[in-house]
Amino acid sequence: MARGGPTQGDHATTGWSRRLRGSVDARLLWRLARTYAVSAVAGAAATQIYIPLPWMLGPFFVWAAIALIGPRPQLVPMGRELAQVAIGVVVGMRFTLPILLATAGLLPAIFLGTVYMIAVTVSAAALLAWLARLDHVTAFFATAAGGVADMAAVAKTYGGTAQAVAVVHALRYSLVVAIVPFAVFFFGEHGPAMELTDEAAGSVLLVPVVLFLGYLGARALKPTPLPNPWLVGPIFVGVALGLSGIFAVHFPPIVVIVAQIALGTWLGAQIHRDQMTALPRVTLIGLVIACYMIVGAALGAAVISAATGLPFTTSFLGLAPASITEMVLTATAMNLDAEAVIAFHIMRIALVSSTVLIVFKLYLKLRGVRLEPRI
């Protein structure tokens, strides 16, 4: 045999490796198919019992319950990000010039509402530290209205407990998504039905093109400090396409349904039984703090609505301490001013991300605590 050629053992090893990789791929595909089949069934069942946002909340509730038992869903890579791209483009194309001007007129109220919610999170931190017996660093970043990964990392830098931060954030996020849509749907007022526009007569064939442009918009914003590029970038793309009139696109309902299924499945996967059971006191008090922040958002929304004439439901969704995506979906489903809700959340994320360390130092000063970051 020629020097360097494969031996019989090499062929056996190569064949074994290929079979192993094929087996792993098959198992992965089976887990993915099983996960999203369960999610689709849960969403369809939720539509039959009139749950708001059924295609998102159905999978969320089912997978959250399953996660508390043990098994967790197998997620499609970048499933949440791609779902946000679809939702961002769909919502962005609803913008018109009058809507943009009306939203701009609300910016002072949106700014004050954001400052108010920062004050609510600071008071929630003090309450969490007292009730859950946590140090002030952990309590502050556990209630700060920023991304969980960022807040956990900064908390660890200053000597906090990253796991407790993650638990409280997951509970707040999940509880807001579980409660706020129900409260808005059953106790709020729906907006007027959207009038049919040229979009309804547009081409379905252009949907992949527009979604790809939305993806490129998200990628373009990734290196920038702008918040949530996977949603905000496609919104900008949708606004530009909608105002320019370049495309007449009709988005079939299945686009948003698939996006909601992906989001709901991802939300359910954020429930970690091990984290919850490892910190039972933090878990219990975290639920209380989440309710406290929801009530705080409702009170602030009542004041903003009285001052500006904005519907309470729109103000409430704008101040709700959760992800922009779920609140915008709720506003869209109720024919509310989703554009104002977007403005509220973008303002919140931008202001929180740029001032969180300043507010943190002020909080420590008020609590009489002096700390130095750990290197």
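The values are calculated or read from the model by the stated rules, or taken from the named source; none is laboratory data. Note that the structure is a prediction, hence the values are computed from the model and not measured. Positions of Cβ are backbone-derived with ideal geometry, glycine not excepted, and every protein chain shown enters the neighbour counts.
Considered as a group, the residues in segment 114-143 that are out of contact with any Ser or Thr (no Cβ under 8 Å at 6 or more places or on another chain) and among the hydroxyl-bearing types (Ser, Thr, Tyr) include one that is surrounded by the most Cβ atoms within 10 Å (Cβ to Cβ), and that residue is THR114. For first residues located in segment 220-248 and over 16 Å from ARG348 (Cβ atoms), partners that are among the acidic types (Asp, Glu) and surrounded by fewer than 21 Cβ atoms within 10 Å (Cβ to Cβ) and lie 6+ apart or on another chain with Cβ distances below 6 Å form the pairs TRP230/GLU81; ALA248/ASP198. The residues on offer are LEU32, LEU53, LEU100, and the sole one that is under 29 Å from LEU243 (Cα atoms), under 24 Å from the mean Cα position of the chain (by Cα) and surrounded by fewer than 19 Cβ atoms within 10 Å (Cβ to Cβ) is LEU100. Scanning segment 347-363 for residues that are of a type in the set (Ser, Thr, Tyr) and either over 26 Å from ALA104 (Cα atoms) or outside any helix (DSSP H, G or I) (or both) yields one hit, TYR363.
Of all the residues in segment 352-375, those that are at pLDDT 85 or above, within 25 Å of the chain's Cα centre (by Cα) and crowded, with 16+ Cβ neighbours inside 10 Å number 3.
Would you call VAL115 within 27 Å of GLN275 (Cα to Cα) and in a helix (DSSP H, G or I)? Considered against the rule, which asks whether it is within 27 Å of GLN275 (Cα to Cα) and in a helix (DSSP H, G or I), VAL115 comes out as no. Looking at segment 295-327 only, could you name the residues that are under 15 Å from ALA170 (Cβ atoms), part of a helix (DSSP H, G or I) and touching a Phe, Trp or Tyr at 6+ places or on another chain (Cβ under 7 Å)? Once the filter is applied, which keeps residues that are under 15 Å from ALA170 (Cβ atoms), part of a helix (DSSP H, G or I) and touching a Phe, Trp or Tyr at 6+ places or on another chain (Cβ under 7 Å), segment 295-327 yields nothing. Apart from one condition, VAL341 fits all of (1) crowded, with 24+ Cβ neighbours inside 10 Å; (2) touching a residue at least 60 places away in the same chain (Cβ under 8 Å); the exception is (2). Exactly one residue out of ILE289, ILE324 is over 16 Å from the mean Cα position of the chain (by Cα) and among the hydrophobic types (A, V, I, L, M, F, W, C): that is ILE289.
Please verify whether segment 121-141 includes one or more residues that are of a type outside the set (Val, Ile, Thr) and under 30 Å from ILE254 (Cα atoms).
Looking only at segment 121-141, we keep the residues that are of a type outside the set (Val, Ile, Thr), and these are 123-136, 139-141.
With the extra rule that they be under 30 Å from ILE254 (Cα atoms), the set shrinks to none.
There is no residue in segment 121-141 that is of a type outside the set (Val, Ile, Thr) and under 30 Å from ILE254 (Cα atoms).
Can you tell me which residue among ARG172, ARG94, ARG72 is among the basic types (Lys, Arg) and surrounded by 19 or more Cβ atoms within 10 Å (Cβ to Cβ)? So that I can check it myself, show each step before the final result.
Details: ARG94 fails: surrounded by 19 or more Cβ atoms within 10 Å (Cβ to Cβ); ARG72 fails: surrounded by 19 or more Cβ atoms within 10 Å (Cβ to Cβ).
Going through ARG172, ARG94, ARG72 in turn, the sole match is ARG172.
PHE111 satisfies every condition listed in (1) hydrophobic (A, V, I, L, M, F, W, C); (2) modelled with pLDDT of 85 or more; (3) crowded, with 20+ Cβ neighbours inside 10 Å except (3).
Restricting to segment 149-160, and then to whatever is among the aliphatic types (A, V, I, L, M) and buried (at least 20 other Cβ atoms within 10 Å of the Cβ), can you tell me which residue is farthest from GLY286 (Cα to Cα)?
Start the filter on segment 149-160 by keeping residues that are among the aliphatic types (A, V, I, L, M), which leaves 149, 151-155.
Keeping just the survivors that are buried (at least 20 other Cβ atoms within 10 Å of the Cβ) gives 151-152, 154-155.
Numbers: MET151: 16, ALA152: 15, VAL154: 19, ALA155: 17 Å.
Ranking the candidates gives VAL154 first.
Can you report the number of residues in segment 44-89 which are under 20 Å from VAL176 (Cβ atoms) and assigned to a loop (DSSP other than H, G, I, E, B)? Residues in segment 44-89 being under 20 Å from VAL176 (Cβ atoms) and assigned to a loop (DSSP other than H, G, I, E, B): 3 in total. For segment 134-153, give me each residue that is under 14 Å from SER323 (Cβ atoms) and not in a helix (DSSP H, G or I). Within segment 134-153, ALA145, GLY146, GLY147 meet the criteria. Once segment 335-346 is narrowed to residues that are of a type outside the set (A, V, I, L, M) and not in a helix (DSSP H, G or I), the residue that is farthest from ALA125 (Cα to Cα) is ASN335. Considering segment 249-294, and only residues there that are in contact (Cβ under 8 Å) with a residue 60 or more places away in the chain and not in a helix (DSSP H, G or I), the residue that is surrounded by the most Cβ atoms within 10 Å (Cβ to Cβ) turns out to be VAL249. Has segment 186-205 got any residue that is over 16 Å from the mean Cα position of the chain (by Cα), at pLDDT 80 or above and in a helix (DSSP H, G or I)? Within segment 186-205, one or more residues are over 16 Å from the mean Cα position of the chain (by Cα), at pLDDT 80 or above and in a helix (DSSP H, G or I).
Of the numbered criteria (1) surrounded by fewer than 22 Cβ atoms within 10 Å (Cβ to Cβ); (2) within 18 Å of GLY105 (Cα to Cα); (3) of a type in the set (A, V, I, L, M, F, W, C); (4) out of contact with any Gly (no Cβ under 8 Å at 6 or more places or on another chain), the one PHE312 fails is (4).
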